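Presented below is the structure to which this report refers.
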Amino acid sequence: MAFWSKIRPQFWNAQVYLSGEQQNVSYYRRIWKVAVVGITTVAVLPLVAMTFMNMNQYQNALKAELISPVTRLVSNTKRTVAHFLHERRSALRFIVEAKGFNSECSVENLSRIFIRLKNSYGGFVDLGVIDSHGVQRAYVGPYSLTGKNYHEQPWFREVIVKGVYISDVFGGFRDIPHFVIAVKQDHDDGGFSILRATIDTDRFNALISALDLRPLSDAFLINRRGILQTPSRFHGNTLEKINFPVPPITTATQVQEVKDDQERPLIRGYAYIEETPFIFVVLKQEKELMMGVAKLRRNLGLFLALSVALILLVILGAATHLVNRIYEADLTRTSAQHKIEHTNKMASIGRLAAGVAHEINNPLAIINEKGGLLKDLLSLSSELPPKDKLIGLVDSIIYSVERCSVITHRLLGFARHIDVRAETIDISQFIEEVLGFIGKEAQYRNIAVNMDVAENIPLVKSDRGRLQQVFLNVVNNAFAAVDDGGRIDISVKIESVDKISVTITDNGSGIPAENLRTVFEPFFSTKGEKGTGLGLSITYGLVQKLGGNISVESEVGKGTSFRITLPVKL
Amino acid sequence: MTTIPTKLLLVDDEEDFISALAERLRIRNYDTKLATSGEAAMLLIQMERPDIVLLDLKMPGMGGMETLKQIKAKDPSIDVIMVTGSVDSKVGESARSAGATDHMVKPFDIKHLTEKIQDIRKTRGLD
């Protein structure tokens, strides 16, 4: 709070006086708030919106950028794997189609073929020839499988129908993951023989590990039942089942955004490898790929926060400065207005002074003569004058003193300071009082002053001093306008529930139409040297300050009518 | 003191003022008459032919200046002392230029008035 009181701008708790009443203290605060909120909205909102839009667009662009390398990777790997299988299948087909190959192939012959095969294409584990009854007639490899009957096995039937068979990966006797390629050779005599080779999956593994993946990415082969055909980083080992559903069959490479079991976004690419049971799958953590985005987001956020802070600081500073300037200008204006009012008051007092001196000199003269007579009677005649006579003289003196004090009290009422103070005022009585200042002049100049007060005029709450100044100014003007023997009508009416009006009409010279618009403007005067040109403008200001209104109607040669409306409550 | 008594006429709408002043002047042996308006003054002047008129400037009805003009029109030999409550020096000047012999500001010391009366008598060669 101590800090706040130090930085609190001047206007914060300032009160503003508009139409005489104390406006709520938050007048300047409200201007300030509107300015701050308004400018902040138009300055910060577009900035924030643009930042988010940019961020979003960038993120989308980046995502699109992420998809295409995954697509490429999947396609290439699919091609490589397909090529690997195709190569071996072609080699086997080449062998079985060679002249002289049949079920009667000798073990020596077969082992020669096996050695050549191993040297030309890696990965072959064993090689066997099976006759049309499913019996393995010749076998080359680490086991003694000669004579084994495959007649009942599903793959045997499949190779008979399709001519070619590629198996899923399986552990086999040695529990080393491998798979089988078998090709059928039809003989001229209607029989057939099958060449069956086992290939280990090391080559697959090498192929996939050569992809050089990021630490959180994963790539592997699965079969159509979701059994891993190669080891994976995060989804289990070879021959284990994957923990997500097998992606649907498609011919083309697919790349999609999916969620993993912990609801983290993933990019999944996969491809079915034709004529094999294998599906190649790549899984990449989007987070990992979007690391650049996170960094960018952080930087942008920081930049945004700094910009907004800077903008806010400038707005706060500027708004505070501006409102302070308005406040200071208002203060200056108010004090100038006070000065002018004071000057006008002094001028009216000066005008009044002459009248008042005259008013007071009359009773003073009476006191003087009565006192003098008293002294004369006591000092010049030998016998004491009758008691009644003396009392009569003294009464007359006392009465004259009262007359003087009435005048001085009126002046006191007028000289009170300018602060707005609400008092309950009986308006007709009040106007009588004001007329009391100038009543003598009316008498001397034979001016008829008529009061016409409507019934049930409510009491008015207003500032007595200011109201006095208003009516003195207007009535003085009326007196100045009429000739000796003229007429001034004052009527008081109820305008509405909370408004009364006082109309002061003279039958004087009137105001020409071209001057009528400017009578309330400062320094407008037709009195030349005699007037300050401020009377009516100040009257106007005062009436406004009291929450009322003043208007004028006039016709040259017929007279002028000033109408003052006043609120019943200030 | 005086061989020929001076006839005075006091004109003012403040009756209290002129009645007390008249009494004091009578004590001082002045033949003094009163009028509380310009119109009444003109009637009295017709009948009484006063030497000196003490005339208030501001009166309802016919004012002091108008009365002064009528007195001077009727008999320029009547001396008029203009009396006013106003401290404005212009009032005295305009009264003199309209024919008043002198002017006084209320309230005044009766000695000043009697001195002025004596001055006028001297000028007229009455003493």
Original post:
When only Cα pairs under 8 Å and 6 or more residues apart are kept, what is the percent relative contact order across the stretch A:416-570?
Top reply: 25
**OP:** Under a cut-off of 15 Å between alpha-carbon atoms, report the aspartates and glutamates in cross-link reach of A:LYS339, not counting same-chain residues fewer than 8 places apart.
**Re:** A:ASP330, A:ASP419
Original post:
Rounded to a whole number of µm²/s, how large is the Stokes-Einstein D of chain A at 37 °C and 0.692 mPa s, given Rh as the Kirkwood radius over C-alpha pairs?
Top reply: 92
Original post:
Can you put A:SER26, A:SER167 in order, fewest other beta carbons within 10 Å first?
Top reply: A:SER26, A:SER167
Original post:
Can you sort A:PHE303, A:PHE156 so the residue with the fewest Cβ neighbours within 10 Å comes first?
Top reply: A:PHE303, A:PHE156
**OP:** Could you name the aspartates and glutamates whose alpha carbon sits less than 14 Å from that of A:LYS569, not counting residues in the same chain fewer than 8 places away?
**Re:** A:GLU21, A:GLU423, A:ASP426, A:ASP463, A:GLU495, A:ASP498
Subject >> Kirkwood Rh and Cα Rg combined as Rg over Rh, evaluated for the stretch A:33-87 >> reply: 1.58
Subject >> Of B:LYS74/B:LYS122; B:LYS58/B:LYS116; A:LYS33/A:LYS499; B:LYS7/B:LYS106, pairs whose Cα-Cα distance is over 30 Å >> reply: A:LYS33/A:LYS499
Original post:
Can you pull the mean other chain C-beta count within 10 Å for peptide B:102-112?
Top reply: 4
Subject >> Share of Cα-Cα pairs in the stretch B:7-117 lying beyond 23 Å, as whole percent >> reply: 17
Subject >> Fraction of the pair-distance distribution of the stretch A:112-193 above 16 Å, Cα-Cα pairs, percent >> reply: 58
Original post:
When we measure straight from the Cα of A:LYS148, which aspartates and glutamates land under 13 angstrom away, once same-chain ones fewer than 8 places off are left out?
Top reply: A:ASP131
Subject >> Over the stretch A:62-289, volume per residue of the alpha carbon convex hull, in Å³ >> reply: 126
Original post:
Taking other Cβ within 10 Å of each residue's Cβ, how do A:LYS33, A:LYS339 sort, fewest first?
Top reply: A:LYS339, A:LYS33
Original post:
Using the Kirkwood formula over every pair of different C-alpha atoms, what hydrodynamic radius in Å results for the stretch A:416-570?
Top reply: 15.8
**OP:** Indicate the helices, whole DSSP H runs only, in chain A that combine a mean Kyte-Doolittle hydropathy of -0.5 or more with a Cα extent along their long axis of 30 angstrom or more.
**Re:** A:27-97, A:291-380, A:387-415
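Values quoted throughout were computed directly from the atomic coordinates according to the rules given, and no laboratory measurement underlies them. Note that the coordinates shown come from a computational prediction; the quantities given were computed from them, not determined experimentally. For neighbour counting, all protein chains shown are included, and Cβ atoms are generated from backbone atoms with ideal geometry for every residue, glycine included.
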